[in-house]
Amino acid sequence: MPVRSAFLRSSTAALLLAASGWPQSAVAGDVADVVTDLYGGDGILLAPTPPPFPSHAPHFIASSLGELSDLNDALTANIGLFPFSSVVAGFTFDVELGVPVRTAESLGPILSERAPTLGEGNLYLGLSYSRIDFKRFDGDSLDDLSLTFTHEDVNGDGVLGPAGTPFAFETDQILVELDLEIEQDLLAFYATYGLTDRWDLGIIVPVIHSSARAEAHGTIVRNSPNSELIHNFAPERGGDSADSTVDRSATGIGDVILRTKYNFLRDDPTWPDLAVVGLVKLPTGDEDDLLGTGETNVLGLFVASRTYGSVTPHLNLGYEVSTDSDQNNLRYFVGGDWAVSPSVTLALDVFGRWEPNGDEVGDHIVDLAVGAKWNAVGDLLLTGNIQVPINRNEGLRPDFVWTVGLEMPF
């Protein structure tokens with residue numbers, strides 16, 4: 001059919017664009033290390049102290065390197081945990097007629113799953129594009145973060161300073177103000193096949209463009225009388241203050257997801273339709289360039305849904321196990337979709353991800369997604385949704401994420 005041919009051509013063009021059209025790494029080095037690599041990547045080394053004083057140049061290296069690395073790790077640990085669009089068909093094939101027919105009044109949810117499957121021998125393809133522009137980290141704006149580096153305890157007495165002693169210089173500090181930009185473009189390709197009347201198999205292949213930029217402005221906080229004699233940035237860095245910028249980007253395949261769904265109960269007069277969903281996320285994306293998490297994850301979901309007239313509420317509940325046990329998490333989706341007309345369905349989901357053994361940075365992420373599916377022409381579906389953080393002060397968060405996509409049975 002012409003619509004299917006156009007869909008395949010557009011999908012192929014999108015894949016080629018993703019593979020070759022996005023820029024590759026702008027600067028040598030890993031995208032994930034833009035914060036750690038500030039000031040040369042080895043911490044802050046001050047200018048050598050002129051005689052007769054012993055050199056104080058390395059006395060902020062340990063603190064600065066540690067603080068920058070801790071922030072860098074906390075930021076990157078929250079990247080790559082986005083949910084993909086659900087693979088729920090609004091159409092399936094009539095085997096006898098060989099044409100797509102509506103599976104239900106609704107065209108399906110946006111991010112969550114509902115229990116029905118495609119049907120034996122049916123193939124469903126889709127692609128989506130998402131834009132993620134991170135804006136906040138634990139409630140603080142990414143363009144207005146600050147770190148304070150402390151002096152080394154030179155004499156090892158467990159006390160910095162204090163004032164009025166020969167070691168008062170230990171009370172000096174370095175304040176670094178940070179302006180960070182972290183962005184991702186995500187192009188995802190979906191394929192789902194009905195192995196039997198109740199069992200679907202599928203795959204998601206994401207192509208990701210990640211970019212990160214860190215600008216730092218450091219100043220010496222002078223708390224000791226001899227500070228200007230012994231603590232200074234190198235002259236080429238400005239003396240009293242020093243700036244540093246790292247800007248990197250990369251494009252490539254993200255973490256591929258294999259998925260399956262088995263619908264074990266449907267059309268029961270009392271119970272909702274029930275299914276189980278399994279997903280395996282493979283570490284195919286480069287963790288160092290923020291294209292993947294570097295871990296293998298296995299997620300099991302219990303799915304319940306039932307249609308009442310034009311409304312289909314649904315519940316997804318499951319647990320994800322990671323090769324990094326600190327990332328093991330509980331997943332949940334609660335929402336529904338509403339067929340406002342034969343060609344338009346609106347959908348709403350509240351979904352969360354809770355890490356019981358997390359590091360207290362973004363351990364519980366809760367979002368709201370509102371979207372729509374439109375049967376534009378033939379059996380082609382256009383989709384779109386906006387995700388908004390509910391607890392926006394948890395972890396690394398965007399103000400919103402928007403997604404558009406295409407879906408079609410074959």
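The values are calculated or read from the model by the stated rules, or taken from the named source; none is laboratory data. Worth saying up front: this structure is predicted, and the values here are computed from it rather than measured. Don't worry about glycine lacking a Cβ; one is built from the backbone with ideal geometry, like all the others, and counts go over all protein chains shown.
Here's the yes/no breakdown for (1) under 17 Å from Phe134 (Cα atoms); (2) of a type in the set (Gly, Ala, Ser); (3) surrounded by fewer than 19 Cβ atoms within 10 Å (Cβ to Cβ):
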| residue | (1), (2), (3) |
| --- | --- |
| Asp367 | yes, no, no |
| Gly384 | no, yes, yes |
| Asn391 | yes, no, yes |
| Gly395 | yes, yes, no |
| Pro398 | yes, no, no |
| Phe410 | no, no, yes |
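Of all residues in region 197-206, none satisfies being in contact with a strand residue (DSSP E or B) (Cβ under 8 Å, 6 or more places away or on another chain) and closer than 22 Å to Leu68 by Cα. Does Thr245 satisfy the criteria of being modelled with pLDDT of 90 or more, surrounded by fewer than 15 Cβ atoms within 10 Å (Cβ to Cβ) and under 26 Å from Asp73 (Cα atoms)? Considered against the rule, which asks whether it is modelled with pLDDT of 90 or more, surrounded by fewer than 15 Cβ atoms within 10 Å (Cβ to Cβ) and under 26 Å from Asp73 (Cα atoms), Thr245 comes out as yes. Do we have any residue at all in region 176-185 that's without any contact (Cβ under 8 Å) to a residue 60 or more places away in the chain, more than 30 Å from Thr284 (Cα to Cα) and more than 32 Å from the chain's Cα centre (by Cα)? Looking for residues that are without any contact (Cβ under 8 Å) to a residue 60 or more places away in the chain, more than 30 Å from Thr284 (Cα to Cα) and more than 32 Å from the chain's Cα centre (by Cα), one finds none in region 176-185, hence no. With respect to the conditions (1) aromatic (Phe, Trp, Tyr); (2) in contact with a Lys or Arg (Cβ under 7 Å, 6 or more places away or on another chain); (3) at pLDDT 90 or above, Phe60 lacks only one, and its number is (2). Go through region 347-360 and report how many residues are crowded, with 18+ Cβ neighbours inside 10 Å and either part of a strand (DSSP E or B) or β-branched (Val, Ile, Thr) (or both). Selection size over region 347-360: 5. Taking the conditions (1) crowded, with 20+ Cβ neighbours inside 10 Å; (2) assigned to a strand (DSSP E or B) in turn, Gly285 satisfies each one other than (2). When region 321-331 is filtered for residues that are crowded, with 17+ Cβ neighbours inside 10 Å and either at pLDDT 95 or above or among the hydroxyl-bearing types (Ser, Thr, Tyr) (or both), only Ser322 remains.
Quick test for you: out of Val159, Val154, Val246, pick the one residue that is under 26 Å from the mean Cα position of the chain (by Cα) and of a type outside the set (S, T, N, Q).
Details: Val159 fails: under 26 Å from the mean Cα position of the chain (by Cα); Val154 fails: under 26 Å from the mean Cα position of the chain (by Cα).
Selected residue: Val246, the only one of Val159, Val154, Val246 that is under 26 Å from the mean Cα position of the chain (by Cα) and of a type outside the set (S, T, N, Q).
Only one of the numbered conditions (1) crowded, with 19+ Cβ neighbours inside 10 Å; (2) under 21 Å from the mean Cα position of the chain (by Cα); (3) at pLDDT below 70; (4) among the small types (Gly, Ala, Ser) is not met by Ala89, and that is (2). Screening Ser224 with (1) of a type in the set (Ser, Thr, Tyr); (2) loosely packed, with under 15 Cβ neighbours inside 10 Å; (3) farther than 30 Å from Ile132 by Cβ gives one miss only, at (2).
With respect to Phe333, determine if the residue is under 24 Å from the mean Cα position of the chain (by Cα), hydrophobic (A, V, I, L, M, F, W, C) and within 28 Å of Ala376 (Cβ to Cβ). Lay out the reasoning, then the answer.
On the way: under 24 Å from the mean Cα position of the chain (by Cα): yes; hydrophobic (A, V, I, L, M, F, W, C): yes; within 28 Å of Ala376 (Cβ to Cβ): yes.
Considered against the rule, which asks whether it is under 24 Å from the mean Cα position of the chain (by Cα), hydrophobic (A, V, I, L, M, F, W, C) and within 28 Å of Ala376 (Cβ to Cβ), Phe333 comes out as yes.
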